[in-house]
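Asks: Pasting in a structure now, in structure tokens, and then I'll have a few things to ask.
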Amino acid sequence: GWPLTVTDGTRVTGLAGRPPSLADSASGPDTILAVAEVTPLANLADARQDVTLLAESARHAGRHGRLRAEDHQLEILLYRLPEPVRRLRQRVLDPIAGSEELVRTVRAFVAHDYDRVATSQALHIHRNTLAYRLHRVEELAGLDFDRARDLACLYLAVAAEACDQPDTP
């Protein structure tokens, strides 16, 4: 059962005596059910915020279904830190924003887990063309894709873009 349910606009939040499933709601296939694991009383406010942020992230990304907060910590983290994330996106992606070709290349590079062969195949370009484009991104954004930290910055900037993060959580 649902011992407590609170509505907030189009959202319903609450505490459950057992892990909820989509079958518990009478909603359609576009329903988002964001859930967190059993949480100590002292951490309930944070857990509620996490599932609210996860639901918002899923809505922006067009995802639906049952989503476990534990499986989506990156999205929650990005939504919890809007100003640093905005600055990171600006630092990494703004220098290439004028080139749809470079933006598409960066998105594909991240989507293919930095695998240059898979990325060049997905973009239908020669590996040397990919190398040139990635080198241009490095130059324009001040990154070095041989450094794990810079690859992490690239990943977070692209992930934040995919979340379509609002200005405030």
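The values are calculated or read from the model by the stated rules, or taken from the named source; none is laboratory data. Quick caveat: nothing in here was measured; it's all calculated off a predicted structure. FYI the Cβ positions are ideal-geometry reconstructions off the backbone, even for glycines, and counts take in every protein chain you see. The protein model used for the area step is the full one, side chains on, heavy atoms only, and it has no ligands, DNA or RNA in it. Shrake-Rupley method; radii C 1.70, N 1.55, O 1.52, S 1.80 Å.
Asks: Can you say whether residue 120 is part of a helix (DSSP H, G or I), of a type in the set (S, T, N, Q), at pLDDT below 95 and open to solvent by less than 70 Å² (accessible area, probe 1.4 Å), as far as the supplied structure shows?
Replies: Against the criterion (part of a helix (DSSP H, G or I), of a type in the set (S, T, N, Q), at pLDDT below 95 and open to solvent by less than 70 Å² (accessible area, probe 1.4 Å)), residue 120 does not qualify.
Asks: Hey, another quick one. Hey, can you tell me all the residues within region 141-161 that are among the hydrophobic types (A, V, I, L, M, F, W, C) and open to solvent by 70 Å² or more (accessible area, probe 1.4 Å)?
Replies: Within region 141-161, 148 is the sole residue that qualifies.
Asks: With respect to residue 169, determine if the residue is surrounded by 12 or more Cβ atoms within 10 Å (Cβ to Cβ), touching a Phe, Trp or Tyr at 6+ places or on another chain (Cβ under 7 Å) and at pLDDT below 95.
Replies: yes
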